[in-house]
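The values are calculated or read from the model by the stated rules, or taken from the named source; none is laboratory data. Just so you know, these numbers come straight off a predicted model, no measurement behind them. With ideal geometry, Cβ positions are generated from the backbone for all residues, glycine too; neighbour counts draw on all protein chains shown. These area figures cover heavy atoms from the full protein model, side chains too; ligands, DNA and RNA do not enter into them. Shrake-Rupley method; radii C 1.70, N 1.55, O 1.52, S 1.80 Å.
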Amino acid sequence: MQKQKIVLVEDEEDIAAIIKLQAEISGYKLVVEVDGLNGYRMIEKEKPDLAILDIMLPGLSGLDICRKMKSHADLKHIPVIMLSAKGEEIDIVLGLELGADDYVTKPFSPKVLFSRVGAVLRRKSEVPEEPVKNIEFGPFTLEVDHYLLRKHDKVISLTLSEFSILKRFLLNKGKVLTRNHLLDDIQNSDAFIVDRNIDVHIAALRKKLGPNFNSIETVRGVGYRFVDEED
């Protein structure tokens, strides 16, 4: 079986060496570049299964590379994980808004990084064969065509905004969604929504799903993530 290929753009040699070692242990083929311009050129050449980009790089930043990838027809499908130093929350949010799939904050565990790599690659391979009609999670079923949420046979009343937020979460399990991601889906719903009002909708949604429902995680300073409760 052919190994999945990753391009890492990281200018700190010790960090790059640790990531490369963990990639080999985890069964991936990893190519390293140490500056942004050569990193982007390598991504163009190799068209890897995934790119790991440090935010702070000489030449092009990781954000610049991500922006260029997502505007390139042959590269925009390639998932991206950003590496960031602590205190770069604004850059993390910007990276996610540009289309990055996840981020890891330095210092980090190489095993955690490659757990994220595996999760992102699994999500990218899970392409639905037909439009989603019903989405099941735990004891719940979201009936997409009918704008209904059921817990077993009981209908749970949701506003259109809450329904849209929940649908977005379920279609992007494991992915960090910023408030602006969530805003994109509900601008045409039943209320005028601004950035921080998303938090109010999330709180209402959590309450309706029940006190033991813990799948909507707050990612502090960034947004939210939906995880399966058994994970």
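Rank these residues by their accessible area, most exposed first, probe 1.4 Å: His201, His72, His152.
His152, His72, His201
Which FRET efficiency value, to the nearest 0.05, is calculated for Asp145 and Val112 with the Förster distance at 45 angstrom and r the Cβ-Cβ distance? Could you put the intermediate results ahead of the total?
Working: r = 38 Å, r/R0 = 0.85.
Rounded to the nearest 0.05, the efficiency is 0.75.
Over the alpha-carbon set of the stretch 1-46, divide Rg by the Kirkwood Rh and report the Rg/Rh ratio to two decimals.
Working: Rg = 10.7 Å, Rh = 10.8 Å.
In the stretch 1-46, Rg relative to Rh is 0.98.
Angle check, please: helix 13-26 long axis (alpha carbons) against the longest principal axis of the chain (alpha carbons), in degrees 0 to 90, nearest 10.
Helix 13-26 sits roughly 60 degrees off the main axis of the chain.
Give me the tail of P(r) for the stretch 25-103 as a percent: Cα-Cα pairs with distance above 22 Å.
Working: 496 of 3081 pairs.
For the stretch 25-103, the share of Cα pairs beyond 22 Å comes to 16 percent.
For the chain, with equal point scatterers placed on the C-alpha atoms only and solvent neglected, what are the log10 I(q)/I(0) values from the Debye formula at q = 0.07, 0.09, 0.13, 0.14 1/Å, to two decimals?
Taken in order of the listed q values, log10 I(q)/I(0) reads -0.25, -0.41, -0.82, -0.93.
Place +1 on the Cβ of every Lys and Arg and -1 on the Cβ of every Asp and Glu in the chain, take the dipole about the Cα centre, and give the residue among Leu50, Ser215, Pro107 whose Cα lies farthest towards its positive end.
Ser215
Determine the share of the stretch 1-159's accessible area contributed by carbon and sulfur atoms, expressed in whole percent, with a 1.4 angstrom probe.
Numbers: 4540 of 8780 Å².
Here it works out to 52 percent.
Order 134-143, 31-40 from most to least packed using the mean count of other Cβ atoms within 10 Å.
Numbers: 134-143: 15.3, 31-40: 19.8.
Descending mean neighbour count gives 31-40, 134-143.
Nearest 10 degrees is fine. How inclined is helix 36-46 to the longest principal axis of the chain, computing both from alpha carbons?
Long axis of 36-46 versus the principal axis of the chain: about 80 degrees.
Once ligands and nucleic acids are excluded and a 1.4 Å probe is used, how much of Glu89 is accessible, expressed in Å² to the nearest 10?
90
Let me have the 222 nm mean residue ellipticity of the chain computed from DSSP H runs of 4+ only, each contributing -39500 (n - 2.57), with the sum over all residues rounded to the nearest 500.
Details: 8 runs with 93 residues, N = 231.
Here the helix-only value at 222 nm equals -12500 deg cm²/dmol.
Calculate, for the chain, the solvent-accessible area per residue in square angstrom, rolling a 1.4 angstrom probe over the heavy atoms of the protein chains. Don't skip to the answer; put the middle values down first.
Working: 12460 Å² over 231 residues.
Ligands and nucleic acids excluded, the result is 54 Å² per residue.
Report the antiparallel proportion of the DSSP beta bridges in the chain as a percent, rounded to a multiple of 5.
Numbers: 18 of 36 bridges.
The antiparallel proportion sits near 50 percent.
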